[in-house]
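Okay, structure first, notes after.
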Amino acid sequence: MELIIKKECWMIREAMELLFLAANKEEFSENKYLWNLRKFEQDLTEELALQKEFLAMAKEIPVTPAIRKYFEPFQKEGLECLAKCLIWTFGGEQTDSVEEMKTLALNEFRQYPLDDFPVFDRIGETLNLKKEERRRFAASVKKLDLEEKFQGRLILAFESYEESLDELGALLEEALPLLLPYRTRMQRQALRMQQEWQAYFAKKSLSDFCGMTGVYVDESLYRAVEIVPNLVNGPFMVLNMDDGEPQEDVLIIRIGFLMREKVLESWYRNLGQHALELLADGTKMEILLYIKDTPHYGKEIADRFGLTTATISYHMSELLQEGLIRIRQQGKRIYYSLDKEQVGEVLRQVQNRLLL
């Protein structure tokens, strides 16, 4: 299997991450965001110092209505945020300037009929779309038979895509100068990541890597693995596993610069307060009960609870990060199962702290 490890530091991508942290300050406060990395303080001194500087910078950015519109996540839909959907879809994130980003995205976008890209029925309320536009979206999506992953990205094509890119571009123009003094340090981290993951995969397999976090992939589906660094959002990792037929035969792993091998090894067995918060969430508890004895794939769970598979993916990513579930890819489907041992360990820790 071919291994591709990127070391590019694209400033548009990182500026989006900075504004995302700013728009979600409470979620990404230092105490909550970095608490499970404190035990690595001696090994990650430079990296944690850099991450704390990014968080302090994000904290000082005023959260305007425009920032909320583009960078607050549509969590109920299981989506990241409008800005990332807008730019990722047509390759605009791998650029260093707003003008280049807009040129790439618009050129790519114009290759598709606008009628194919209206907006989510439910998200239409947020974007102030007219009713006929929301209806056109629903009909269009059914006709195109698109995966929900791509339905989510179609947020980008509401009534005035160019106007939206102008609005988003103005926000990025303000964020870019804040990051420019950090570019050398970010590039150094990207190079360090490339070297360390090259050394890792020279000795270990993709299954070893994924197994560190309770994810098991069907390697036969992929001809290559591509690792892409995140340099502002450090404690972050996501695999582009689709609950359905993969669109490409390259497995893309987006990973933050704080996620060293030893961090990932402890990540899955991390016992923390957030695990208890997830167990207290009514929807997540119902999902865990459903997969307690029999693994189920995303669409089964979505149909059982009347949710979209994108929403299920959102819930599962949180549960996975705390080690409460396991994920196994079998052919074209991704199955979720309860990790009873880990749930039991979380509850034993609570018992030991409160009752013994």
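Each label was represented as a point 7 Å from its Cα along the Cα-to-Cβ direction; for Leu354 and Lys7 these points are 5.0 nm apart. Multiplying the residue separation of Arg223 and Asp249 by 0.36 nm and removing their Cα-Cα distance gives an extension gain of 8.8 nm.
Using per-residue counts of other Cβ atoms within 10 Å, averaged over each peptide, order 6-16, 42-52 from highest down. Kindly include the intermediate steps, with their values, before the conclusion.
Working: 6-16: 21.3, 42-52: 15.8.
Highest mean packing first, the order is 6-16, 42-52.
Placing a label point 7 Å from the Cα of Glu345 along the Cα-to-Cβ line, the residues of segment 206-220 whose backbone N sits under 17 Å from it are 210-216. By accessible area, using a 1.4 Å probe on protein heavy atoms only, segment 271-355 has 49% of its surface on carbon and sulfur.
Potential lengthening of the chain between Asn31 and Glu108 amounts to 23.6 nm, from the contour at 0.36 nm per residue minus the alpha-carbon distance. Derived from the Cα gyration tensor, the three semi-axes of the equivalent ellipsoid of segment 275-356 are 25, 13, 10 Å, largest first.
Roughly speaking, what is the stretch gain from Glu60 to Lys299, that is 0.36 nm per residue apart minus the C-alpha to C-alpha distance, in nm to one decimal?
Values: separation 239, 0.36 × 239 = 86.04 nm, distance 4.09 nm.
Gain in length upon complete extension: 81.9 nm.
If you plug the beta carbon distance of Glu167 and Gln187 into 1/(1 + (r/R0)^6) with R0 = 22 Å, you get a FRET efficiency near 0.15. The Arg38 and Lys332 beta-carbon pair, evaluated with R₀ = 56 Å, returns a calculated FRET efficiency of approximately 0.90.
Name the residues of segment 287-325 whose amide N is less than 17 Å from a point 7 angstrom out from the Cα of Val238 along the C-beta direction? Label zone hits: 308-322.
The values are calculated or read from the model by the stated rules, or taken from the named source; none is laboratory data. If you're wondering where the values come from, they're calculated on a predicted model, not measured in any experiment. Note: ideal-geometry Cβ built from the backbone for every residue, glycine included; neighbour counts use all protein chains shown. These accessible areas exclude ligands, DNA and RNA; they are computed on the full protein's heavy atoms, side chains included. Shrake-Rupley method; radii C 1.70, N 1.55, O 1.52, S 1.80 Å.
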